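Q: Before I ask anything, here is the structure I am working with.
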Amino acid sequence: MIATLPALNRLAVQTDLLDLVGNTPLIPLRRVLSARPGVELYAKAEWFNPSGSVKDRPAREIVLEAEQSGDLREGVRLIDATSGNMGIAYATLCAARGYEVELAIPANASPERIAILRVLGASLILTDPMDGTDGAQLEAKRRYAENHGRYFYADQYNNPANWQAHYRTTGVEIWEQTDGRVTHFVAGLGTSGTMMGVGRRLREFNPDVKLISMQPDSPLHGLEGLKHMPTALRPGIYDEALADENLEIATEDAFAMARQLAREEGLFVGVSAAAAVVAAMRVAASLREGVVVTILPDAGFKYVNERFWKDE
């Protein structure tokens, strides 16, 4: 008799790379948070997505919607601005679907991100580092305006498919993984898609869920992927009234937390993930009871050459 394969092995066989996006684990953080009976802290490990970051969720939604509308098709190139992770998500998923990708990205993005994008076949437009992702956005818009017929402009900062991806997936997963016990949700602001989508979904499940957004404390910061909203081009999808509270995080605090998470939790994460944990811990420290959930957008592999890994 031929033995039946275990169910796990059968489920692991997928017909499309896009089917692997989402359903990421929720990990308890027990060592970095001082023991507080009645308070639980969890983080969603988004590097389990195919390209290694949370950006696979909106990239998948944007690509599929553009295919359905006919905006993205054979012979049309996807163009957008990115700080790195969204570009890698586009390049990964589009390679699997047979589309070319062109990305405007600040020239000071981590060398690992630049290298990964080139390996995936993306055409890169390196923009002025001093202009950040705002400058990359302007360059992508300029190129699209000059040649509409060549491009599908994904426009992650203004495309509602960005936040809708999190509304349809991430928010539902958090609710189910906490058995509906989540009381506080913390997320960083870049495009703001994660906060907008998850926040709206959790509020539908429970209007009493508290939403806390997080951003850098200065326009001159080292938290790649995050925006200092008062001085940046505000994404069209951002609604500042959604969150109950906004926390500002110092770059050095995030750097220290990245080292701490690696050494005390075994979690090798990126800087925006570390900043999210700093914010989530502040929230948790203010509670007598509650279930706090945050997002870890990516792992630390794309930042290995950064100085902050060394002890100060």
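What follows draws every value from the coordinates through simple rules; no lab data is involved. The structure presented is a predicted model; accordingly, all values stated were derived computationally and were not measured. Note that we place each Cβ from the backbone using ideal geometry, even for glycine, and neighbour counts take in every protein chain shown.
Q: Below 8 Å, C-alpha to C-alpha, sequence gap of six or more: please give me the relative contact order for region 56-153 in percent. Kindly include the intermediate steps, with their values, before the conclusion.
A: Details: 158 pairs, mean separation 30.6, N = 98.
Relative contact order, region 56-153: 31 percent.
Q: How large is the charge dipole for region 206-312, taken about the Cα centre, if only the Cβ atoms of Lys, Arg (+1) and Asp, Glu (-1) carry charge, to the nearest 20 debye?
A: Roughly 220 debye, rounded to the nearest 20.
Q: Cα atoms only: what Rg and Dmax, in Å, come out for region 115-238?
A: That works out to 16.9, 50 Å for Rg and Dmax.
Q: Give me a comma-separated list of calculated 3J(HN,Hα) values for region 208-216, in order, Karplus coefficients 6.51, -1.76, 1.60 applied at θ = phi - 60°, integers in Hz, x for any Gly or Pro.
A: 8, 4, 8, 10, 10, 8, 9, 8, x
Q: What does the charge count near Leu287 come to, summing +1 for each Lys or Arg and -1 for each Asp or Glu among other residues with Cβ under 12 Å from its Cβ?
A: Net local charge, Leu287 excluded: +2.
Q: With just the Cα atoms of the chain, tell me how far they stretch along each of the three principal axes, in Å, largest first.
A: So the three principal-axis extents are 66, 59, 40 Å.
Q: What are the trypsin sites (Lys or Arg not before Pro) within region 252-312 that DSSP puts in a loop, where the Cβ has at most 13 other Cβ atoms within 10 Å?
A: Counting only loop positions with at most 13 other Cβ atoms within 10 Å, the trypsin sites (Lys or Arg not before Pro) in region 252-312 are Arg288, Lys310.
Q: Okay, helix-only estimate at 222 nm for the chain: each DSSP H run of n ≥ 4 adds -39500 (n - 2.57), divide by all residues, round to 500 deg cm²/dmol; what do you get?
A: -10000 deg cm²/dmol
Q: Turning to a different aspect of this structure: Which value, in debye to the nearest 20, describes the size of the charge dipole of the chain about its Cα centre when Lys and Arg Cβ atoms bear +1, Asp and Glu Cβ atoms bear -1, and nothing else is charged?
A: 440
Q: What are the lysines whose alpha-carbon lies under 22 Å from the alpha-carbon of Lys141, with same-chain residues fewer than 8 places away excluded?
A: Excluding near neighbours in sequence, the set is Lys55, Lys227.
Q: Once you place label points 7 Å from the Cα toward the Cβ at Asp244 and Ala115, how far apart are they in nm?
A: Result for the modelled spin labels: 4.4 nm.
Q: Using the number of other C-beta atoms within 10 angstrom as an exposure proxy, rank Phe301, Phe48 with the fewest first. Intermediate results must be reported in sequence, preceding the final value.
A: Working: Phe301 14, Phe48 17.
Arranged by neighbour count, lowest to highest, Phe301, Phe48 become Phe301, Phe48.
Q: Name the long-range amide H neighbours of Lys44: under 5 Å, sequence gap of 5 or more, or other chain; modelled H, no Pro or chain starts.
A: When sequence neighbours closer than 5 places are left aside, the close amide H contacts are Ile27, Thr294, Ile295, Leu296.
Q: Give the aspartates and glutamates whose C-alpha is closer than 20 Å to that of Lys310, dropping any in the same chain fewer than 8 places away, or say none.
A: List returned: Glu112, Glu224, Glu252, Asp253, Glu264, Glu265, Asp298.
Q: For region 65-155, what is the convex hull volume of its Cα atoms per residue in Å³?
A: So the per-residue Cα hull volume is 79 Å³.
Q: Next question. Under 5 Å between amide hydrogens, which residues at least 5 positions from Lys210 or on another chain qualify, with H placed 1.01 Å from N in the peptide plane?
A: Amide H neighbours of Lys210, under 5 Å, 5+ apart: His184, Phe185.
Q: Using a simple charge model, +1 on the beta-carbon of Lys and Arg, -1 on the beta-carbon of Asp and Glu, nothing else, what dipole does region 56-153 show about its Cα centre, in debye to the nearest 20?
A: 180
Q: Place +1 on the Cβ of every Lys and Arg and -1 on the Cβ of every Asp and Glu in region 56-153, take the dipole about the Cα centre, and give the residue among Tyr151, Asn108, Gly75 whose Cα lies farthest towards its positive end.
A: Value: Gly75.
Q: Just need the relative contact order of the chain here, percent rounded to a whole number, with Cα pairs under 8 Å and 6+ apart.
A: Values: 613 pairs, mean separation 64.0, N = 312.
Relative contact order here is 21 percent.
Q: Kindly write out, for region 26-32 in residue order, the coupling ³J(HN,Hα) from the Karplus curve 6.51 cos²θ - 1.76 cosθ + 1.60 (θ = phi - 60°), rounded to whole Hz, with x marking Gly and Pro.
A: 10, 10, x, 9, 10, 8, 6
Q: Please list, in chain and number order, the residues 5+ apart from Val39 or on another chain whose amide H is under 5 Å from its amide H, with Hs placed from the backbone.
A: Distant-sequence amide H within range of Val39: Gly290.
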